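Participant: One structure, pasted below without further comment.
Laboratory data are not the source of any read-out in this text; all were calculated from the coordinates shown. The structure displayed is predicted, hence computed values, not measured ones. Neighbour counts run over all protein chains shown; Cβ positions are idealised from the backbone, glycine included.
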Amino acid sequence: MTNAAAPRSRHANRPAFPFSALVGQAPLQRALLLAAIDPAIGGVLVCGPRGTAKSTAARALAALLPEGAFVTLPLGASEDKLIGTLDIEAALRENAVRFSPGLLARAHDGVLYVDEVNLLPDALVDVLLDAAASGINTVERDGVSHTHDARFVLVGTMNPEEGELRPQLLDRFGLMAELATPREVAERQRIVKARLAFDADPQAFCAAHAAAQQALAQRIAAARAALSALPWSDAVHERVAQHCIEAAVDGMRADLVMLRAARALAAYEGARAVSAEHVDAVADCVLAHRRHAMPESPSKAAQPKPDRQHSEANPASRAPDLADQTDWGELPPEPVAAAHVKGVIALPAKKR
């Protein structure tokens, strides 16, 4: 396991900021921990403005995982760079598959971080989400294929000011955490003080949080081990369905993710079973990007017709009645003066 006293990202030259020292990011921390306990949840979409420590939190999570891998997908990456490549000539010549790993293979058992995921091509986002949910990556070229494990925590970030994800892709992210710029003086001071202390002496700062980091890493490992044995009751399943119906979500993915997230939270807390309280605690991050306005109920949509006697007494209050009109919206005919047009007289329109 990565040394908790000095957690390092595999590609960093200095320790990562400790996850336990993050300030003002409780909803994001919970979402990241749930995805780390059960990567099959499908990743976390972090939505917020610049400068809200999105990448810092993702790096901090990677330092808690056994391999400590933190892989970044650049915006200009090709599909081959992401999934890897096959040497077809070698396969034909040597009758053996020669595979060159991509970023998905490097991110195995770690964190794959995608900044500005909303700016990636849709096809690339599809591949990412497929691998994040299944834990498997398959590369196929000209009838030759290679499959390898790719279990990682997908963390995608986006700034709403720079564009949105298509709803079809948005729904496939398991959880969503929305960040905002802190507006309280005390909280801003705590964030800045922690960052300055880390920048001044990263080693000493990480050492001060070593015990908390070690305890957190152990809780994640224990929760992963207990995950599959945790049961849930029909009452818990019913609570999940109620949340999803009230949010008017599309499809059944929200139900599945909410059950997985509630189970991950129960495992993290050391509970013996998933409870309705666990469901309530994770509902917001599951539904934040899936919630729709409920359609108006038929009873509310059907309005009683106004009283005809009252309407005739007060014409301004009378609503249009299509049954009373043969041509809705027709203007009454008006007389028009006759005029000669090339020797033909145009007669006024007849009144109906």
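Participant: Where Lys and Arg each count +1 and Asp and Glu each count -1, what net charge lies around M158 among other residues with Cβ under 13 Å from its Cβ?
Facilitator: Spelling it out: positives minus negatives among the neighbours equals -3.
Participant: Taking 8 Å as the Cα distance limit and 6 or more residues as the minimum spacing, I'd like the relative contact order of the range 230-296 as a percentage.
Facilitator: RCO, the range 230-296: 46 percent.
Participant: Taking each pair of distinct Cα atoms in the range 230-296 once, what is the resulting Kirkwood hydrodynamic radius in Å? The partial results should precede the final answer.
Facilitator: Details: mean 1/r = 0.0843 Å⁻¹.
For the range 230-296, the Kirkwood estimate is 11.9 Å.
Participant: Do any GluC sites (Glu not before Pro) in the range 129-190 lie in a DSSP loop with no more than 14 other beta carbon atoms within 10 Å, and if so, which?
Facilitator: Listed in order of number, the matching sites are E164, E184.
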